[in-house]
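**Student:** One structure follows; several queries about it will come next.
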Amino acid sequence: MAHLRSSRTSRSRRLALAMPLGVVLAAAVGFAPGVATAAPLDAPGSTTARAADTAAAAKLAYVVNTRTDAKTIAAVKKAIAKADGTVVVTYKKIGVIVAHSANPDFGKQLRAVRGVHSAGATRTSPLTPAATTQEGAPTFLSKAQQRAAKEQGKSLPQGAASGKGAAPAQEPLEADQWDLRSIGADKAAKINPGSKKVTVGVIDTGVDDTHPDLAPNFSAKQSASCVGGKADTSAGAWRPAKPDHYHGTHVAGEIAAARNNVGVAGVAPGVQVAGIKVADPVSELFFPESVVCAFVFAADNGIEITNNSYYVDPWLYNCKDDPDQRAILDAVNRAQLYAQKKGTLNLASAGNSNHDLDADEIVDTSSPDDSTPVTRTIDPHKCLDVPAQLPGVVTVSATGVYNAKSYYSTYGNGVVDIAAPGGDRRYQLPTDTPSKDGGILSTMPGGQYAWLQGTSMASPHAAGVAALLKSTHPKAGPAELQRLLKRQADNPGCPTKPYDPDGDGKVDAVCKGDKNRNGFYGHGIVDALDAVKK
């Protein structure tokens, strides 16, 4: 299962300026040898080596990161062929080449080629015929619940457990959308629902654009499938491969479900949403080459904001001293920085492991997730969650109905930028909604609706607010949008009591920082109403 940031699983930030693009992309993540704890994947006894031993001639995918001049790229492509590799796609502007090879020494051979900055396998298991951040399985809304919610919504005068007043519900299921009221999105929609000139790209499992709440705002011309690393813009290519690949459709509804008297409403119901599918159709994993394609596609097709509710598979954290993981870091970072340079703001979910990304060390037991995981201890300052910890990416933690950190949400002082509603179905339950469900209600494939929770759900709320800011300040670029996003946020500060949501007497997380910026909320919880008023 992919590592989406909703609750099926457990994701600095400066724009690089005035340097050659190839240099900036390599330098921004600080690739230095000997600074992480993982062993090279192609070393004897490593995961890749074992895979090669047991599956001789198995074909793997690679990213090869080079200088961006035409001469170097041409020479590297010849070297790829000489090393028994096949070029899948070349992104000349960022110097990233996606290749396939059954040669177990392919990565090692390419790393020795002049002009190659890094090269490595993007997976530890062979290619199969053609990762998100949600926490737990979805709970679908029944037809009876839909009818009950619609009736209660007609008479609901107030509805925010957070204490913020709510306007009368307008959409049939909006009475169950405590999340909109908690950030003032219902009121913001009356002032500025967002501009059709703003598009949010959902880099995810695919989006069902036939859903009645999504069809009015869907931008097919800015949508594609990037599975495998090469964009496919044929009609419907962006749709989920299977009905249970619902994650991207849910995320899209949170951002831009239309206010059309059908179902639910999004945070920015007037903007457009595009689907960029990156999930493998078999494994549902989000491999690096697909994510590279997605960022480049978004940048080249005028998408102003991307939402990234996942971490790049197969590694929860990518360590700079491992040649394969270093290549993954390099390739994805080049792509997302290219998108920033072209005017795209990228937001990503922090993760659902309740990890402190500013800790001295973290125990990772889930990587690699495409073969056999091994337990390893990593330094999160040197082994990064991608794309959440890449420079210039807005990292989003999750909150529940009472504006407290969700029990699962990863955090970290100096890492988390902002917080947004992601739901908490254990310890933060609303008392004034029809369902009493603490999750996030949104769209699902086939015209359905369901509750999910996770930082996967928090990031699209923040992306929706960013879209409202872009609609209000159309000339604002990524850096300015990020500044505005942080400025409008409301910071509750660190809890005054130890964080122990389950009440077992054990502190489950420690918040560091102050009222201006801290590890739980970053600069604060997004405020859609302030976004359109200030």
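The values are calculated or read from the model by the stated rules, or taken from the named source; none is laboratory data. Here the structure is a predicted model, which is why all the values come from computation and not from measurement. Every residue, glycine as well, gets a Cβ built from its backbone with ideal geometry; the counts of neighbours run over all protein chains shown. For accessibility, only protein heavy atoms count, side chains too; no ligands or nucleic acids. Shrake-Rupley method; radii C 1.70, N 1.55, O 1.52, S 1.80 Å.
**Student:** Computing the accessible area with a 1.4 Å probe over protein heavy atoms, can you report the carbon and sulfur percentage for the stretch 226-380?
**Tutor:** 47
**Student:** Follow-up. Can you give the Rg to Rh ratio for the stretch 260-353, taking only C-alpha atoms and Rh from Kirkwood?
**Tutor:** Result: Rg/Rh = 1.02.
**Student:** For the stretch 361-437, give me the percentage of DSSP beta bridges that are antiparallel, rounded to the nearest 5 percent.
**Tutor:** 50
**Student:** Which whole-number value in Å² is the accessible area per residue of the stretch 421-534, probe 1.4 Å?
**Tutor:** Per residue, the stretch 421-534 has an accessible area of 38 Å².
**Student:** Oh, and also: For the stretch 276-435, how big is Rg over Rh, using alpha carbon atoms and the Kirkwood form of Rh?
**Tutor:** Reported Rg/Rh (Cα atoms, Kirkwood Rh): 0.99.
**Student:** Could you rank the peptides 225-237, 278-290 by their average count of other C-beta atoms within 10 Å per residue, with the highest value first?
**Tutor:** Highest mean packing first, the order is 278-290, 225-237.
**Student:** Assuming 1.567 mPa s and 4 °C, estimate D for the stretch 204-341 with Stokes-Einstein, Rh taken as the Kirkwood radius over Cα pairs, in µm²/s.
**Tutor:** My calculation gives 85 µm²/s for D.
**Student:** Would you please put 481-489, 358-366, 173-181 in order of how densely packed they are, using the mean number of other Cβ atoms within 10 angstrom per residue and starting with the highest?
**Tutor:** 173-181, 481-489, 358-366
**Student:** So for the stretch 413-489, what percent of the C-alpha to C-alpha distances run longer than 20 Å?
**Tutor:** In whole percent, the share of Cα-Cα pairs in the stretch 413-489 beyond 20 Å is 46.
**Student:** So, one more: What is the distance in Å between the Cα centroid of the stretch 213-254 and that of the stretch 338-395?
**Tutor:** Measuring centre to centre over Cα atoms gives 24 Å.
**Student:** Here is a follow-up. Excluding ligands, DNA and RNA, what is the solvent-accessible area per residue of the stretch 263-394 at a probe of 1.4 Å, expressed in Å²?
**Tutor:** 19
**Student:** Could the peptides 260-267, 327-334, 472-479, 525-532 be put in order, highest first, of the mean number of other beta-carbon atoms found within 10 Å of their residues?
**Tutor:** Packing order, densest peptide first, comes out as 327-334, 525-532, 260-267, 472-479.
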